[in-house]
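A.B. asks: Input: one structure, supplied below.
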């Protein structure tokens, strides 16, 4: 008979990755008045401000993707969306929450931001920089799909102030890429990477996914070898999951059932072993651990400002359809359909869809669980910011994870072990408040 532990180790349907707290299922439209109040209140002193821009266009929809993306839009639709996005940022730029702050970071995510042409990008980014300048930002990140890049498009991004490119490679094998719905080809990876290096971007990140459907050990070793040969500044490795609203969640049988190997998705122990292998190989090549998912060439110079700012309580305007943000202690998400998003902005309304005011203890837990993903937690930080000794307040939870070999507790800090890093998202609910344990995460 299968045990609960063995069932849990299979890649079942649902979200595994913990991106925020409290869980998204608690965010509701009836909290929107608190969101508007937060946006119309000056910021707390010393809080950085960031800007996320969701570009929802893709050539194809990846079968594992659960983001709001569109593959059926034309040039006129891109113009309509860009106009709406500019209007949204303009509305934010006039709110008291800005408080005279310069942007600390900017992140173009998707979807596929690099889907836009060089001319479309220059027009969009030029106008955005007039509204909320990012010439003082510590980081401007831009996500790219290799097959959508041309040298002149990368030249435009460099000219517009992009400092970090994130290349969504995921895998190098053409058959695995095609089966999982990726649009790019292996040769396009090398071409795009070569141009980016030639143009001198400050940081180039490569994304990989451990456990793409059809993947095996031989393929994974080769992906790691090719990644190290490219020598990017950082490498981010995600473990494949199957959220409910993906193509694969509808199509795929789970491993262990009567399905051909090419249709199977690896279980969690296999995916953890693959990430462990990648981290070991990259360490031998001179990389250092930056988080549970990321290796960097040099921790002193290779920063993830967007990540670390969010994980330390920064404010962020989440702009674009279905985007998530945070302002003055309130979580906010935009409406999640094209029609609602465009329609509300046409009427001069911020396209807010749901929100959640976060209580002080929840804010502390949020920062604590997100910072644990870096592999290290400093108790003094929480004592100074929240007046709480987290090692005492959450002593039982830390003790349980220490007993499993997932972390070690020192005088004033916690360090995750490699096994703890490899399954950190599974451990984070240990710190959730009781009312958040039994509800769906999303």
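A.B. asks: Over all distinct alpha-carbon pairs, what is the Kirkwood Rh of the range 360-435 in angstrom?
C.D. replies: Every distinct Cα pair counted, the radius reaches 12.3 Å.
A.B. asks: Follow-up. With labels modelled as points extended 7 Å from the Cα through the Cβ direction, what inter-label distance (nm, one decimal) is found for residue 397 paired with residue 93?
C.D. replies: About 4.0 nm, to one decimal.
A.B. asks: How do 358, 98 line up, fewest other C-beta atoms within 10 Å first? The partial results should precede the final answer.
C.D. replies: Details: 358 21, 98 18.
Final ranking by Cβ density, sparse to dense: 98, 358.
A.B. asks: Take 72, 315 and order them by how many other Cβ atoms sit within 10 Å, fewest up front. Write down the numbers at each step before the final one.
C.D. replies: On the way: 72 7, 315 26.
Starting with the residue having the fewest Cβ neighbours, the order is 72, 315.
A.B. asks: Still on this structure, please answer the following. Based on DSSP H runs of at least 4 residues, each adding -39500 (n - 2.57), what is the mean residue ellipticity at 222 nm of the chain after dividing by all its residues, to the nearest 500 deg cm²/dmol? Write down the numbers at each step before the final one.
C.D. replies: Working: 18 runs with 169 residues, N = 442.
Mean residue ellipticity, 222 nm, calculated: -11000 deg cm²/dmol.
A.B. asks: If you don't mind, another one. At 37 °C and 0.692 mPa s, grab the translational diffusion coefficient of the range 95-171 from Stokes-Einstein with a Kirkwood Rh over Cα pairs, rounded to a whole number in µm² per second. If you can, show how the numbers build up before the last one.
C.D. replies: Numbers: Rh = 13.1 Å.
Roughly 250 µm²/s, to the nearest whole number.
A.B. asks: Write down the Å³ per residue value for the convex hull defined by the alpha carbon atoms of the range 310-413.
C.D. replies: Numbers: hull volume 11.7 nm³, N = 104.
Dividing the Cα hull volume of the range 310-413 by its residue count gives 112 Å³.
A.B. asks: Which of 28, 347, 226 has the fewest other C-beta atoms within 10 Å, and how do the rest follow up to the most? Display every interim value, and only then the final one.
C.D. replies: Numbers: 28 11, 347 8, 226 18.
Lowest to highest Cβ neighbour count: 347, 28, 226.
A.B. asks: Still on this model: Here are several values of Cα extents along the principal axes in Å: (1) 65, 45, 40; (2) 58, 53, 42; (3) 78, 63, 37. Which one was derived from the coordinates shown?
C.D. replies: Entry (2).
A.B. asks: A further question on this structure: If I take R0 = 41 Å and measure r between the Cβ atoms of residue 122 and residue 285 in this structure, what FRET efficiency does the formula 1/(1 + (r/R0)^6) give, to the nearest 0.05? Before the final figure, lay out each step's value.
C.D. replies: Numbers: r = 37 Å, r/R0 = 0.90.
It comes to 0.65.
A.B. asks: Take every Cα pair under 8 Å in the range 18-309 that's 6+ residues apart, average their separations, divide by the length, and report that relative contact order as a whole percent. Please report the intermediate quantities before stating the final value.
C.D. replies: Details: 437 pairs, mean separation 48.3, N = 292.
Relative contact order here is 17 percent.
A.B. asks: Next up: Can you compute the modelled spin-label distance between residue 437 and residue 40, with each label point 7 Å from Cα toward Cβ, in nm?
C.D. replies: Taking the two extended label points, one gets 4.0 nm.
A.B. asks: Given R₀ = 30 Å, FRET efficiency for residue 415-residue 28 by Cβ-Cβ distance, to 0.05? Mind dumping the intermediate values first?
C.D. replies: Numbers: r = 37 Å, r/R0 = 1.24.
Using R0 = 30 Å, I get an efficiency of 0.20.
A.B. asks: How much length is gained on full extension from residue 129 to residue 349, taking 0.36 nm per residue of separation minus their Cα-Cα distance?
C.D. replies: Numbers: separation 220, 0.36 × 220 = 79.20 nm, distance 2.14 nm.
Computed gain between residue 129 and residue 349 is 77.1 nm.
A.B. asks: Shifting gears a bit: Quote to one decimal, in nm, the extra length available between residue 198 and residue 277 on full extension: 0.36 nm per residue of separation minus the C-alpha distance between them.
C.D. replies: Working: separation 79, 0.36 × 79 = 28.44 nm, distance 3.00 nm.
Full-extension gain reported as 25.4 nm.
Any read-out appearing in this document is the output of simple, stated calculations on the displayed coordinates, not a laboratory observation. In this text the structure is predicted, and so the values were computed from the model without any measurement. Cβ coordinates were reconstructed from backbone atoms using ideal geometry, including for glycine residues, and neighbour counts include every protein chain displayed.
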